[in-house]
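All remarks here apply to the structure that follows.
Just so you know, all these numbers are worked out from the coordinates, no wet-lab data involved. Remember, it's a predicted structure, so these values are computed and weren't measured experimentally. Heads up, the Cβs are rebuilt from the backbone with ideal geometry, glycines too, and the neighbour counts pull from every protein chain shown.
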Amino acid sequence: MTSSVAIAPGKWAFITGGSDGLGFAFAVELARRGMNCLLIARNEDKLARAAEAVRALGVEARTLSLDLGAADAVARIEAATADLPLALAVFNAGAEASGVPFVDQPYNHWAATIQRNVLFLTEALHHFGRRLVEAGGGGLIVVGSEAAFGGVGQSGIYTATKGFALNLCEALWVELAPRGVDVVTLLFKIADTPMLRQTLARRRIPVEATGASDPAALARGTIDALGAGPIYNPDEVSPDDPVTSNAARRERVVAKSELMKFFYG
Ligand SMILES: NC(=O)c1ccc[n+]([C@@H]2O[C@H](COP(=O)([O-])OP(=O)(O)OC[C@H]3O[C@@H](n4cnc5c(N)ncnc54)[C@H](OP(=O)(O)O)[C@@H]3O)[C@@H](O)[C@H]2O)c1
């Protein structure tokens, strides 16, 4: 179990995509640990049902109906949390499962994905990273994917945005830990979420055939990994694998960051 200051009963977490799947699993796990939750997604009915389930665990829950692709998304989340003792931000929403090759999809679709997965995420990490530093500590969880490890056909923009998030978050893990903010990125292969089930249904593939992970277990493991970043990857190939291993990535980030300290002073 984590001893991170980010997990503080009575304090608040916000969770993007908190209305279903993995995001909802994060909210449930945080509520079980006594944290109040602000759930953020677009569909208001789904949000209301999820918030009711979180309240049933004995904590407070609020909802914010918001498209994370909106230009003012960070400002809207700040306004919704200004009166709250915020300790943790979970950036979860981020799937892109069209499977359409890059040049065959209208560019607007990719622009919206980049807006949500790169531009919103970057501005939000900057804004809430500062806020948590100024508040004396907290945590940032970013849900990534094994898609971050390299480009894949029919998933170019998805893998590119996940790679961007992984690099940035590994750097933030180094920079923010001494300032009291724990950063961890969840990486994994596949999880049983409504989005996955919808995608599989298009090809009539049963979810059982995919070996999809249980979102509750992923959420628990990631929260426990706060303070032991930079990544949490339950699907690592081996502890020595330089790409997928938790320990090997930590070692690389620390060594390279020490070099940068020498380089930049
Ligand atoms: N499922 C997998 O197999 C898998 C594998 C590897 C990594 N991941 C990662 O895990 C995370 C969660 O994935 P997921 O499968 O649960 O699907 P997801 O579509 O990323 O998340 C679904 C949740 O996000 C909300 N959402 C989606 N787009 C939004 C937007 N533009 N603005 C606000 N809310 C939005 C949805 O509610 P509304 O539709 O009501 O907005 C819902 O609450 C993602 O970052 C994904 O890349 C998933």
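Worth pointing out:
- Most mobile listed residue (Asp240, Asp83, Asp182) in the chain, GNM with C-alpha springs under 10 Å: Asp83
- The charge dipole of the range 12-264, taken about the Cα centre with unit charges on the Cβ atoms of Lys, Arg (+1) and Asp, Glu (-1), comes to about 140 debye, rounded to the nearest 20.
- Proximal aspartates and glutamates relative to Lys189, as straight alpha-carbon distance under 15 Å, when same-chain residues fewer than 8 apart are discounted: Glu96, Glu146, Glu208, Asp214, Asp235, Glu236
- The range 113-265, relative contact order [Cα under 8 Å, separation at least 6], %: 21 percent
- With R₀ fixed at 35 Å, the C-beta to C-beta distance from Val243 to Asp104 puts the FRET efficiency at about 0.75.
- Residue-averaged 222 nm ellipticity for the chain, from DSSP H runs of 4+ at -39500 (n - 2.57), nearest 500: -13500 deg cm²/dmol
- The label point for Asp45 and the one for Arg204, both projected 7 Å from the Cα toward the Cβ, are 2.9 nm apart.
- Protection proxy ranking of 42-51, 205-214, by the mean of other Cβ atoms within 10 Å over each peptide's residues and highest first, is 42-51, 205-214.
- Exposure proxy ranking for Met35, Met195, Met260, based on other Cβ atoms within 10 angstrom of each Cβ and starting from the fewest, stands as Met260, Met195, Met35.
- Among Trp173, Trp12, Trp110, the residue with the largest mean-square fluctuation in a Gaussian network model of the chain, with springs joining Cα atoms closer than 10 Å, is Trp110.
- The ranking of Tyr232, Tyr107 from fewest to most other beta carbons within 10 Å of each one's beta carbon is Tyr107, Tyr232.
- Whole-number percent relative contact order across the chain, with pairs defined as alpha carbons under 8 Å at least 6 apart: 19 percent
- Treating r as the C-beta distance of Glu78 and Arg197 and R0 as 41 Å, the FRET efficiency rounds to 0.80.
- If you look at the Cα atoms of the range 12-264, you get an Rg and a Dmax of 17.7, 55 Å.
- For the range 117-206, the relative contact order comes to 33 percent (Cα pairs under 8 Å, sequence separation of at least 6).
- Within the same chain, aspartates and glutamates fewer than 8 places from Lys261 are excluded, and of the rest, those with a Cα less than 14 Å from its Cα are Glu175.
- Relative exposure of Phe24, Phe262, judged by other C-beta atoms within 10 Å (fewest first): Phe262, Phe24
- The slack between Ala112 and Lys256, meaning 0.36 nm per residue of separation minus the straight C-alpha distance, is 48.6 nm.
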